[in-house]
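The values are calculated or read from the model by the stated rules, or taken from the named source; none is laboratory data. Since the model is a prediction, treat every value here as computed from it, not as a measurement. So basically every Cβ, Gly included, is an ideal-geometry build from the backbone, and we count neighbours across all protein chains shown.
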Amino acid sequence: MSALLAVDELAIGYGGSSLLSGINLSIDQGDWWGIVGPNGAGKTTLVKTLLGIIPALGGRIERRAGLSFGYVPQRGVIDDIFPLPALDVVVMGRYPRIGPCRRVTRADRELALRYMERVGIAHLARKPFRSLSGGQKQRTLIARGLAPEPDVLVLDEPTDGMDIAGEAGIMELISDLHRGSGLTILMISHSLNLVANHAKQLMLIHGDEGVFRTGMTDELLNGETLKDVYRLSVDVHSFGGRKFLFAHGSSEPKAER
């Protein structure tokens with residue numbers, strides 16, 4: 001198959017209860033997909049189904065032979081109670097490659113350290129993860145997502161809770177990774193402005209309304225399409241080479257948890 005991953009008439013949900021059906025999708029090498037929609041729209045359910053974490057309720061998913069994923073959760077998922085060094089957190093990303101009942105090797109640790117260097121935090125390798133700043137923690141988790149040397153990097157709200165400077169730094173890092181290696185990216189985000197200025201392709205999803213649309217970001221980010229998904233009016237403007245989206249009468253939806 002030419003695509004990394006192809007979906008035909010997919011139905012997603014939990015416990016046999018369908019949230020959304022009739023999903024058709026093709027993801028190619030080097031794509032950067034933004035995945036957006038209101039709270040509870042099905043963004044995380046869709047991604048977990050594509051990754052094989054939860055079973056599809058119907059339809060078909062075809063993955064290229066040997067296709068591998070790296071997953072970057074929201075940084076709050078990692079429990080700060082355990083005083084693990086940042087390097088050990090990154091090494092966790094090697095576990096799918098190492099397999100059960102096998103020990104972490106020196107080569108695994110050296111590879112993890114190289115990815116820490118790639119994201120600019122090699123000097124923090126021995127620092128406890130819980131002592132790092134928000135931006136440093138996010139870079140650690142991105143290095144962990146890269147450690148299995150994936151074909152597809154999946155990011156769940158990579159800038160959630162960050163200030164403007166932190167958000168800009170993380171998005172610059174992700175952009176550099178995408179340009180430098182042709183890595184395919186799937187990024188869940190509640191921020192339409194963030195997606196508008198970085199993602200090349202877009203998935204708009206709202207399970208309650210039966211909405212699932214895909215296409216190029218520039219084509220889908222318009223007031224009419226966004227109104228179908230968010231049920232409010234959204235204006236799209238461009239200034240200084242960047243896009244800005246403004247909602248009327250409501251704040252932008254928060255992230256799905």
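One table, with the values for the structure above:
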quantity: Given (1) of a type outside the set (D, E, K, R); (2) touching a Ser or Thr at 6+ places or on another chain (Cβ under 7 Å); (3) crowded, with 16+ Cβ neighbours inside 10 Å; (4) closer than 25 Å to residue 171 by Cα, index of the condition residue 41 fails; calculated: (2)
quantity: Residues located in segment 73-92, provided they are under 22 Å from the mean Cα position of the chain (by Cα) and modelled with pLDDT under 70; calculated: 76, 77, 78, 79, 80
quantity: Residue 99 vs. criteria buried (at least 20 other Cβ atoms within 10 Å of the Cβ), modelled with pLDDT under 95 and not hydrophobic (A, V, I, L, M, F, W, C); calculated: no
quantity: Residues that are part of a strand (DSSP E or B), free of Cβ contacts under 8 Å to residues at least 60 places away in the same chain and among the small types (Gly, Ala, Ser), drawn from segment 50-75; calculated: 58, 59
quantity: Any hit, segment 8-17, residues being at pLDDT 95 or above, in contact with a Ser or Thr (Cβ under 9 Å, 6 or more places away or on another chain) and either of a type in the set (Asp, Glu) or within 18 Å of residue 200 (Cβ to Cβ) (or both); calculated: yes
quantity: Residue count, segment 1-49 (criterion: of a type outside the set (S, T, N, Q), out of contact with any Gly (no Cβ under 9 Å at 6 or more places or on another chain), over 11 Å from residue 186 (Cβ atoms) and touching a residue at least 24 places away in the same chain (Cβ under 8 Å)); calculated: 8
quantity: Single unsatisfied condition, residue 99 versus (1) over 30 Å from residue 196 (Cβ atoms); (2) under 20 Å from the mean Cα position of the chain (by Cα); calculated: (2)
quantity: Residue match in segment 100-108 (condition: of a type outside the set (D, E, K, R) and part of a helix (DSSP H, G or I)); calculated: yes
quantity: Every pair of residues 6+ apart whose Cβ atoms lie under 8 Å, when the first sits in segment 121-133 and is in a loop (DSSP other than H, G, I, E, B) while the second is polar (S, T, N, Q); calculated: 121/136; 121/140; 132/140
quantity: Set 157, 149: member being in contact (Cβ under 8 Å) with a residue 24 or more places away in the chain, under 21 Å from residue 183 (Cβ atoms) and touching a Lys or Arg at 6+ places or on another chain (Cβ under 8 Å); calculated: 149
quantity: Strands (runs of 3 or more DSSP E) contained entirely in segment 149-237, each with at least 2 residues that are within 30 Å of residue 111 (Cβ to Cβ) and either polar (S, T, N, Q) or within 13 Å of the chain's Cα centre (by Cα) (or both); calculated: 152-156, 184-188
